[in-house]
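Written below as structure tokens is the structure these notes are about.
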């Protein structure tokens, strides 16, 4: 799993980055995404940050990317809505 947290002072840049991350994962908080863990996805995100967003940074902007290994995924505690995201859903029709 990859966690991406970001903060941009410019609303347009923040919205554009959020739409970009929507392609790879799901929003878990306002500016935090949980992203599928693959080297290709990580490289796509890093390339986009370097080529598009890094040059737009101001002193107040930041992007943090955390890779969570499989062993540490089991240590994550989820509460409320986040807990339901991990539950398996069974639909009977």
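Values computed for the structure shown
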quantity: Only listed residue being out of contact with any strand residue (DSSP E or B) (no Cβ under 9 Å at 6 or more places or on another chain) and surrounded by 11 or more Cβ atoms within 10 Å (Cβ to Cβ), chosen from 28, 35, 52; calculated: 52
quantity: Residue match in region 10-18 (condition: under 21 Å from residue 73 (Cβ atoms) and within 10 Å of the chain's Cα centre (by Cα)); calculated: no
quantity: Among (1) touching a residue at least 12 places away in the same chain (Cβ under 8 Å); (2) in a helix (DSSP H, G or I); (3) over 25 Å from residue 80 (Cβ atoms) - the single one residue 18 does not satisfy; calculated: (3)
quantity: Search result, residues across region 12-25 that are under 17 Å from residue 62 (Cα atoms), surrounded by fewer than 16 Cβ atoms within 10 Å (Cβ to Cβ) and in contact with a helix residue (DSSP H, G or I) (Cβ under 9 Å, 6 or more places away or on another chain); calculated: 16
quantity: Residue within region 47-60 that is under 10 Å from the mean Cα position of the chain (by Cα) and at pLDDT 90 or above present; calculated: no
quantity: Region 38-66 - residue that is touching a residue at least 12 places away in the same chain (Cβ under 8 Å) and outside any helix (DSSP H, G or I) and, of those, farthest from residue 4 (Cα to Cα); calculated: 58
quantity: Residue 64 vs. criteria within 27 Å of residue 79 (Cβ to Cβ) and either surrounded by 15 or more Cβ atoms within 10 Å (Cβ to Cβ) or touching a helix residue (DSSP H, G or I) at 6+ places or on another chain (Cβ under 8 Å) (or both); calculated: no
quantity: Test: residue in region 68-81 that is touching a strand residue (DSSP E or B) at 6+ places or on another chain (Cβ under 9 Å) and either assigned to a loop (DSSP other than H, G, I, E, B) or at pLDDT 90 or above (or both); calculated: yes
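The values are calculated or read from the model by the stated rules, or taken from the named source; none is laboratory data. Since this is a predicted model, take the numbers as computed values, not measurements. Glycine gets a Cβ as well: all are built from the backbone with ideal geometry, and neighbour counts include every protein chain shown.
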